[in-house]
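Here the structure is laid out as C-alpha coordinates; the discussion comes afterwards.
The values are calculated or read from the model by the stated rules, or taken from the named source; none is laboratory data. Quick caveat: nothing in here was measured; it's all calculated off a predicted structure. Remember, those area values only see protein heavy atoms, side chains included, never the ligands or the DNA or RNA. Shrake-Rupley method; radii C 1.70, N 1.55, O 1.52, S 1.80 Å.
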Amino acid sequence: MDINKQIAQRIKELRKEKNLTAEKLAWQSELSKSCVTYAEKAQRDIKLTTIQALCNGFNISVAEFFSTFK
(Lines give C-alpha, C1' and ligand atoms only; values in the text may rest on other atoms or scores of the structure.)
Protein backbone atom coordinates (compact mmCIF):
# COMPACT_ATOMS: atom_id res chain seq x y z
CA MET A 1 0.00 0.00 0.00
CA ASP A 2 1.17 3.54 -0.80
CA ILE A 3 2.62 5.37 2.24
CA ASN A 4 0.19 8.29 1.84
CA LYS A 5 -2.73 5.88 1.89
CA GLN A 6 -1.35 4.18 5.01
CA ILE A 7 -1.00 7.55 6.72
CA ALA A 8 -4.51 8.57 5.65
CA GLN A 9 -5.91 5.30 6.99
CA ARG A 10 -4.12 5.82 10.32
CA ILE A 11 -5.47 9.38 10.62
CA LYS A 12 -9.03 8.13 10.03
CA GLU A 13 -8.53 5.31 12.51
CA LEU A 14 -7.24 7.61 15.26
CA ARG A 15 -9.87 10.26 14.61
CA LYS A 16 -12.67 7.72 14.97
CA GLU A 17 -11.02 6.09 17.99
CA LYS A 18 -10.84 9.47 19.73
CA ASN A 19 -14.32 10.54 18.56
CA LEU A 20 -13.08 13.68 16.84
CA THR A 21 -14.64 15.47 13.90
CA ALA A 22 -12.28 16.71 11.20
CA GLU A 23 -13.03 20.24 12.38
CA LYS A 24 -12.19 19.50 16.02
CA LEU A 25 -9.01 17.65 15.05
CA ALA A 26 -8.00 20.61 12.88
CA TRP A 27 -8.56 23.00 15.78
CA GLN A 28 -6.60 20.80 18.22
CA SER A 29 -3.80 20.39 15.65
CA GLU A 30 -3.73 24.08 14.69
CA LEU A 31 -4.34 23.12 11.06
CA SER A 32 -7.09 24.04 8.64
CA LYS A 33 -10.00 21.66 8.23
CA SER A 34 -9.11 21.29 4.55
CA CYS A 35 -5.58 20.22 5.49
CA VAL A 36 -6.98 17.46 7.72
CA THR A 37 -9.43 16.42 5.00
CA TYR A 38 -6.71 16.28 2.33
CA ALA A 39 -4.48 14.23 4.63
CA GLU A 40 -7.31 11.84 5.46
CA LYS A 41 -8.11 11.30 1.80
CA ALA A 42 -4.45 11.04 0.73
CA GLN A 43 -5.12 13.72 -1.89
CA ARG A 44 -1.65 15.25 -1.45
CA ASP A 45 1.72 14.18 -0.17
CA ILE A 46 1.65 14.63 3.59
CA LYS A 47 4.45 16.68 5.12
CA LEU A 48 6.15 15.51 8.28
CA THR A 49 5.22 18.82 9.92
CA THR A 50 1.55 18.06 9.22
CA ILE A 51 1.92 14.61 10.76
CA GLN A 52 3.57 16.19 13.82
CA ALA A 53 0.72 18.69 14.15
CA LEU A 54 -1.86 15.90 13.84
CA CYS A 55 -0.03 13.88 16.48
CA ASN A 56 -0.19 16.91 18.77
CA GLY A 57 -3.92 17.09 18.09
CA PHE A 58 -4.30 13.39 18.89
CA ASN A 59 -2.05 13.84 21.94
CA ILE A 60 0.28 11.05 20.81
CA SER A 61 3.91 10.85 19.73
CA VAL A 62 4.99 10.48 16.12
CA ALA A 63 6.43 7.08 17.10
CA GLU A 64 3.02 6.00 18.39
CA PHE A 65 1.40 7.24 15.17
CA PHE A 66 3.69 5.02 13.10
CA SER A 67 3.66 2.09 15.54
CA THR A 68 1.11 0.13 13.47
CA PHE A 69 3.08 0.46 10.19
CA LYS A 70 4.94 -2.56 8.82
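Miscellaneous remarks
- The condition of being open to solvent by 80 Å² or more (accessible area, probe 1.4 Å) and not hydroxyl-bearing (Ser, Thr, Tyr) holds for only one of GLU30, GLU40, that being GLU30.
- Test: LYS12 is under 17 Å from PHE69 (Cα atoms) and open to solvent by 20 Å² or more (accessible area, probe 1.4 Å): yes
- When restricted to residues that are closer than 15 Å to LYS5 by Cα and either open to solvent by 40 Å² or more (accessible area, probe 1.4 Å) or acidic (Asp, Glu) (or both), region 43-62 contains 5.
- Checked against (1) polar (S, T, N, Q); (2) at pLDDT 95 or above; (3) open to solvent by less than 100 Å² (accessible area, probe 1.4 Å), ASN4 passes all but condition (2).
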